[in-house]
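First up is the structure itself, then whatever we jot down about it.
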Amino acid sequence: MEEAISKLKKFVSNSDQIVAFTGAGFSADSGISTFRGAGGLWSKYDPNIYANINIFMQDSTYYWNFFKDERYPVIKKAKPNAGHLALVELEKRGKISRLITQNIDGLHQEAGQSDVIELHGNTRKINCLTCGKTYSMDETYKLLKKELPPKCSCDGNLKPSTILFGEPLPQVALDMAMLASKNCDMFIVLGSSLVVYPAASMPRIAKRNGANLVIVNIDPTPLDKDADLVINDNASKVLSKII
Ligand SMILES: [Zn+2]
């Protein structure tokens, strides 16, 4: 472990265009359960019912009940962890050029990260599908305590800016993430199992264009064999050791 940490420190000190890529494992230390696998959120809530765009457009009450009972209380309570703060520090030191996240909890921004590309949207922002008005989580929670599904003041339907199953990823975010991956000198994966495409293709793009690839994840990933350094440990713990 010590050897891996010193190797990681060396990579970081030799880089000034780092792309950090965070997944669900990164927010787990903030008390937000991961989605996949045993004990994951999707074993309790079938995403093809509770977080599917087609079901949502027909009957959004599944999603809003899931939001009310599960997402809202968990995300409202969650605080940035040591890993989030370490990434803010690396950004301040001019090390990180871009942060790409698969997470929808907004914790990077809450920690103070200024440059975040969100591939899967953000649970904290809710939009009216008719007039485009934006609501916070708290405002939406108040509305849905009154009526289900919650309505905008214009009577339009609300939708989280989260990307639901069956929805395409936001093209602008995707383009920015691809470009950043291509131009970085180090790409570090933090708490992602790298199984969801197209997000998982970004480390490959970085590697192909000459960047060092570092993977920090509790479990092995399909890209470990291509990486310059793999640390199978908790990402926030590892990051706080290199600051
Ligand atoms: Zn509206």
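The values are calculated or read from the model by the stated rules, or taken from the named source; none is laboratory data. Small disclaimer: the values here were computed from a predicted structure and weren't measured. Ideal geometry is used to build each Cβ from the backbone, glycine not excepted, and the neighbour counts take in all protein chains shown. To get the accessible areas, we keep the full protein, side chains included, count just its heavy atoms, and leave off ligands, DNA and RNA. Shrake-Rupley method; radii C 1.70, N 1.55, O 1.52, S 1.80 Å.
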Does region 185-199 hold any residues that are under 14 Å from the mean Cα position of the chain (by Cα), surrounded by fewer than 22 Cβ atoms within 10 Å (Cβ to Cβ) and within 20 Å of ASP115 (Cα to Cα), and which are they? ALA199
Is there any pair linking a residue in region 48-61 that is more than 18 Å from ILE126 (Cβ to Cβ) to one that is open to solvent by 60 Å² or more (accessible area, probe 1.4 Å), with Cβ under 7 Å and at least six apart or on different chains, and which? ASN48/PHE165; ILE49/TYR62; ASN54/GLY166
Being closer than 24 Å to TYR62 by Cα and among the aromatic types (Phe, Trp, Tyr) is the filter here; which residues of region 1-50 pass it? PHE35, TRP42, TYR45, TYR50
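Suppose the filter is at pLDDT below 95 and among the basic types (Lys, Arg); does LYS7 pass it? Spell out the reasoning first.
Values: at pLDDT below 95: no; among the basic types (Lys, Arg): yes.
It is false that LYS7 is at pLDDT below 95 and among the basic types (Lys, Arg).
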Where a residue in region 113-126 is within 14 Å of LYS76 (Cβ to Cβ) and open to solvent by less than 10 Å² (accessible area, probe 1.4 Å) and its partner, wherever it lies, is charged (D, E, K, R) and in a strand (DSSP E or B), with Cβ under 9 Å and at least six apart: ILE126/LYS159
For the subset of region 119-146 comprising residues that are in a loop (DSSP other than H, G, I, E, B) and closer than 27 Å to GLY23 by Cα, which member is farthest from the ligand (Cβ to nearest atom)? LEU119
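Out of everything in region 147-162 that is free of Cβ contacts under 8 Å to residues at least 24 places away in the same chain and surrounded by fewer than 16 Cβ atoms within 10 Å (Cβ to Cβ), what residue ends up being nearest to the ligand (Cβ to nearest atom)? Before the answer, list the steps.
Taking region 147-162 first, the residues free of Cβ contacts under 8 Å to residues at least 24 places away in the same chain are 147, 151, 153.
Adding the requirement that they be surrounded by fewer than 16 Cβ atoms within 10 Å (Cβ to Cβ) leaves 147, 153.
On the way: GLU147: 14, SER153: 6 Å.
Going through the qualifying residues, I end up with SER153.
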If you take the residues of region 68-85 that are touching a helix residue (DSSP H, G or I) at 6+ places or on another chain (Cβ under 7 Å) and over 19 Å from SER161 (Cβ atoms), which of them is surrounded by the fewest Cβ atoms within 10 Å (Cβ to Cβ)? LYS79
Can you name the number of the only condition in (1) under 30 Å from ILE55 (Cβ atoms); (2) over 22 Å from the mean Cα position of the chain (by Cα) that PRO160 fails? (2)
Can you tell me which residue is least open to solvent (accessible area, probe 1.4 Å) among those in region 24-57 that are in a helix (DSSP H, G or I) and among the small types (Gly, Ala, Ser)? SER27
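Within region 170-184, take every residue that is open to solvent by less than 50 Å² (accessible area, probe 1.4 Å) and in contact with a helix residue (DSSP H, G or I) (Cβ under 9 Å, 6 or more places away or on another chain) and give me the one that is farthest from ALA206 (Cα to Cα).
Our first condition is that a residue be open to solvent by less than 50 Å² (accessible area, probe 1.4 Å); within region 170-184, this holds for 170, 173-174, 177, 180-181, 184.
Keeping just the survivors that are in contact with a helix residue (DSSP H, G or I) (Cβ under 9 Å, 6 or more places away or on another chain) gives 177, 180-181, 184.
Numbers: ALA177: 11, ALA180: 8, SER181: 5, CYS184: 7 Å.
The extreme case among them is ALA177.
If you go through region 200-220 one residue at a time, how many are under 20 Å from the mean Cα position of the chain (by Cα) and surrounded by fewer than 21 Cβ atoms within 10 Å (Cβ to Cβ)?
First pass over region 200-220, keeping only residues under 20 Å from the mean Cα position of the chain (by Cα): 200-206, 213-220.
Remaining after also requiring surrounded by fewer than 21 Cβ atoms within 10 Å (Cβ to Cβ): 200-201, 204-205, 218-220.
Summing the residues that are under 20 Å from the mean Cα position of the chain (by Cα) and surrounded by fewer than 21 Cβ atoms within 10 Å (Cβ to Cβ) in region 200-220 gives 7.
Within 16 Å of the ligand (Cβ to nearest atom), open to solvent by 30 Å² or more (accessible area, probe 1.4 Å) and among the polar types (S, T, N, Q), is that true of SER97?
Details: within 16 Å of the ligand (Cβ to nearest atom): no; open to solvent by 30 Å² or more (accessible area, probe 1.4 Å): yes; among the polar types (S, T, N, Q): yes.
Answer is no for this residue.
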